[in-house]
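To start, the structure under review is shown below, and the notes come after it.
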Amino acid sequence: MDIVGFLKSQFICHLLICYIFIVSGLIINFIQLFTLILWPINKQLFRRINCRLAYCISSQMVMLLEWWSGTNCTLYTDPESYHKYGKENAIVILNHNFEIDFLCGWNFCERFGVLGSSKVLAKKELSYMPIIGWMWYFLEIVFCKRKWEEDRKTVVQKLLNLRDYPENFWFLIHCEGTRFTEQKHQISMQVAKAKGLPKLKYHLLPRTKGFAVTVQCLRNVVSAVYDSTLNFRNNENPTLLGVLNGKKYHADLYVRQDVPEDEQECSTWLHKLYQEKDAFQEEYYRTGTYPAVPIIPPRRPWTLLNWLFWALLLLYPLFKLLINMINSGSSLTLASFAFVIIIASVGVRWMIGVTEINKGSTYGNNDNKQKQK
């Protein structure tokens, strides 16, 4: 292992990265709070400012993938569609198989300049989470309780509010509703059999109601639906901990453009789409490639420059405080600092654990079991 690789694997480096992310994120959340005074005066200015503030947070995560771990991403797509990416509003359907698929989705957004304005359909609990959850609140992210009878009215209203959004945005959606596991797959395919739907080998049964409403509400502002299928070479299963340790992966992302012709047929269209995604997945496992032209979108410097700005701003006072504490020679002060380090370590491990597959949501399990009763 070279010296750079060794340093990337050290826990002290991970702590410093998380320190920068947490402190800068809370500062940005605080600034976002003050932008609320702009909403009744100039809603579009509020939105533009918050797109850029949100970028300062989410781009730090993308920086880890692009610059810290050096992960490469090859895009397989139609060259004619490629030139439209980032220049139009779109709904992006993502498969949900990996711990860092959300991060690869953000990387896709960053390469085409829509990371700051990207939207998601997220569970309500995330809106209470500091930094990312609060950032999403100011981005007008659509939150739901995963109970469609309660969610429908709120989701429709939130989506309709995006019709006059001043920035180009991509609405990222995991139609499967939860991350793929073998247990969830078995339950999902039992539901497919009960409903007379074709079985899928590599995906869960897509949930059509949220997708159909999203397409219906954004019909006049969204130009296309991008179906995206993500895989990693050499059958690797990357983790956020691996990225934080500087491990380099190679992602392959297949993107094709389409639009459901009839809003009423969204359900049928989506089930057919997932059957095709399954076929593409089968082909990838067999050949290691996708049926499209490989393109490597250029990496932009802004994620790295943003992180360096916050690092320079926040590390100096931290080191100065540490030196003063050491010079004080106080046992109580040093013990307090050690306690803070332990708490920070636990916090870092908890943040990483949120993305781990074996600690993922039980939503797919419980909800599908209820349907079978």
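The values are calculated or read from the model by the stated rules, or taken from the named source; none is laboratory data. These numbers were taken from a predicted model, which means no experiment stands behind them. Cβ coordinates were reconstructed from backbone atoms using ideal geometry, including for glycine residues, and neighbour counts include every protein chain displayed. These accessible areas exclude ligands, DNA and RNA; they are computed on the full protein's heavy atoms, side chains included. Shrake-Rupley method; radii C 1.70, N 1.55, O 1.52, S 1.80 Å.
Is it true that some residue in segment 198-215 is in contact with a Cys (Cβ under 8 Å, 6 or more places away or on another chain), closer than 20 Å to Asp258 by Cβ, open to solvent by 20 Å² or more (accessible area, probe 1.4 Å) and not charged (D, E, K, R)? Explain how you work it out, then say what you get.
Here is the first cut: in segment 198-215, the residues in contact with a Cys (Cβ under 8 Å, 6 or more places away or on another chain) are 206-208, 210-212, 215.
Filter once more, so that each one left must be closer than 20 Å to Asp258 by Cβ: 206-208, 210-212, 215.
Remaining after also requiring open to solvent by 20 Å² or more (accessible area, probe 1.4 Å): 207-208, 212.
Next, from what is left, pick out any that are not charged (D, E, K, R): 208, 212.
The answer is yes; a qualifying residue exists.
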ask   = Can you pull out the residues in segment 188-197 that are open to solvent by less than 70 Å² (accessible area, probe 1.4 Å) and not in a loop (DSSP other than H, G, I, E, B)?
value = Ser188, Met189, Val191, Ala192
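Of the residues that sit in segment 252-293 and are outside any loop (DSSP other than H, G, I, E, B) and open to solvent by 80 Å² or more (accessible area, probe 1.4 Å), which one is nearest to Glu66 (Cα to Cα)? It would help to see each step written out before you state the result.
Let us first name the residues in segment 252-293 that are outside any loop (DSSP other than H, G, I, E, B), namely 252-258, 263-287, 293.
Adding the requirement that they be open to solvent by 80 Å² or more (accessible area, probe 1.4 Å) leaves 264-265, 268, 272, 285-286.
Working: Gln264: 40, Glu265: 39, Thr268: 37, Lys272: 33, Tyr285: 25, Arg286: 27 Å.
It comes out as Tyr285.
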task = Consider Ser58 carefully, then state whether it is of a type in the set (S, T, N, Q), open to solvent by 10 Å² or more (accessible area, probe 1.4 Å) and touching a residue at least 60 places away in the same chain (Cβ under 8 Å).
result = no
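When you look at Thr35, is it of a type in the set (Ser, Thr, Tyr) and under 23 Å from Arg300 (Cα atoms), yes or no?
When the stated conditions are applied, Thr35 does not pass them.
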request  = Hey, can you tell me all the residues within segment 294-324 that are open to solvent by less than 40 Å² (accessible area, probe 1.4 Å) and either aromatic (Phe, Trp, Tyr) or free of Cβ contacts under 8 Å to residues at least 60 places away in the same chain (or both)?
outcome  = Trp310
request  = Taking Gly86 as the residue in question, decide whether it is closer than 24 Å to Ala311 by Cα and in a loop (DSSP other than H, G, I, E, B).
outcome  = no
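Is it true that Asn89 is at negative phi and either open to solvent by 20 Å² or more (accessible area, probe 1.4 Å) or touching a helix residue (DSSP H, G or I) at 6+ places or on another chain (Cβ under 6 Å) (or both)? Before the answer, list the steps.
Working: at negative phi: yes; either open to solvent by 20 Å² or more (accessible area, probe 1.4 Å) or touching a helix residue (DSSP H, G or I) at 6+ places or on another chain (Cβ under 6 Å) (or both): yes.
Considered against the rule, which asks whether it is at negative phi and either open to solvent by 20 Å² or more (accessible area, probe 1.4 Å) or touching a helix residue (DSSP H, G or I) at 6+ places or on another chain (Cβ under 6 Å) (or both), Asn89 comes out as yes.
Of everything in segment 113-144, what is assigned to a loop (DSSP other than H, G, I, E, B), within 21 Å of Ile49 (Cβ to Cβ) and either touching a residue at least 24 places away in the same chain (Cβ under 8 Å) or open to solvent by 30 Å² or more (accessible area, probe 1.4 Å) (or both)? Give them in sequence order.
Step one: list which residues in segment 113-144 are assigned to a loop (DSSP other than H, G, I, E, B), which gives 113-118, 129-131, 139-141.
If we keep only those that are within 21 Å of Ile49 (Cβ to Cβ) too, we end up with 113-118, 130-131, 139-141.
Of everything in segment 113-144, those that are assigned to a loop (DSSP other than H, G, I, E, B), within 21 Å of Ile49 (Cβ to Cβ) and either touching a residue at least 24 places away in the same chain (Cβ under 8 Å) or open to solvent by 30 Å² or more (accessible area, probe 1.4 Å) (or both) turn out to be Gly113, Val114, Leu115, Gly116, Ser117, Ser118, Pro130, Ile131, Leu139, Glu140.
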query = Only one residue in Asn245, Asn327, Asn235 is of a type in the set (S, T, N, Q), under 30 Å from Leu15 (Cα atoms), more than 19 Å from the chain's Cα centre (by Cα) and open to solvent by less than 80 Å² (accessible area, probe 1.4 Å). Which one?
reply = Asn245
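Yes or no: segment 167-176 includes at least one residue that is under 16 Å from Asn89 (Cα atoms) and open to solvent by 50 Å² or more (accessible area, probe 1.4 Å). Please lay out each step first, then the result.
Pass one, segment 167-176, residues under 16 Å from Asn89 (Cα atoms): 167-173.
Still in the running and open to solvent by 50 Å² or more (accessible area, probe 1.4 Å): 168.
Yes, segment 167-176 has at least one match.
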inquiry  = Residue under question is Lys153, and the condition is that it be part of a helix (DSSP H, G or I), surrounded by 15 or more Cβ atoms within 10 Å (Cβ to Cβ) and basic (Lys, Arg); does it hold?
reply    = no
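Can you name every residue in segment 57-83 that is in a strand (DSSP E or B) and within 21 Å of His174 (Cβ to Cβ)? Write out each step before concluding.
Start the filter on segment 57-83 by keeping residues that are in a strand (DSSP E or B), which leaves 72-77.
Of everything in segment 57-83, those that are in a strand (DSSP E or B) and within 21 Å of His174 (Cβ to Cβ) turn out to be Cys73, Leu75, Tyr76, Thr77.
Mind telling me which of the residues Arg52, Arg47 ends up being part of a helix (DSSP H, G or I), buried (at least 21 other Cβ atoms within 10 Å of the Cβ) and out of contact with any strand residue (DSSP E or B) (no Cβ under 6 Å at 6 or more places or on another chain)? Working first, answer last.
Working: Arg52 fails: buried (at least 21 other Cβ atoms within 10 Å of the Cβ).
Of Arg52, Arg47, the one residue that is part of a helix (DSSP H, G or I), buried (at least 21 other Cβ atoms within 10 Å of the Cβ) and out of contact with any strand residue (DSSP E or B) (no Cβ under 6 Å at 6 or more places or on another chain) is Arg47.
Taking the condition among the small types (Gly, Ala, Ser), at pLDDT 90 or above, assigned to a helix (DSSP H, G or I) and over 18 Å from the mean Cα position of the chain (by Cα), does Ala212 pass? Even if it seems obvious, please write down each step before you answer.
Working: among the small types (Gly, Ala, Ser): yes; at pLDDT 90 or above: no; assigned to a helix (DSSP H, G or I): yes; over 18 Å from the mean Cα position of the chain (by Cα): yes.
Criteria not met by Ala212.
When you scan segment 23-35, how many residues do you find that are in contact (Cβ under 8 Å) with a residue 12 or more places away in the chain and open to solvent by less than 70 Å² (accessible area, probe 1.4 Å)? Steps first, please.
Step one: of segment 23-35, the residues in contact (Cβ under 8 Å) with a residue 12 or more places away in the chain are 23-26, 28-29, 31-32, 35.
Okay, now just the ones that are also open to solvent by less than 70 Å² (accessible area, probe 1.4 Å), so 23-25, 28-29, 32, 35.
Result for segment 23-35: 7.
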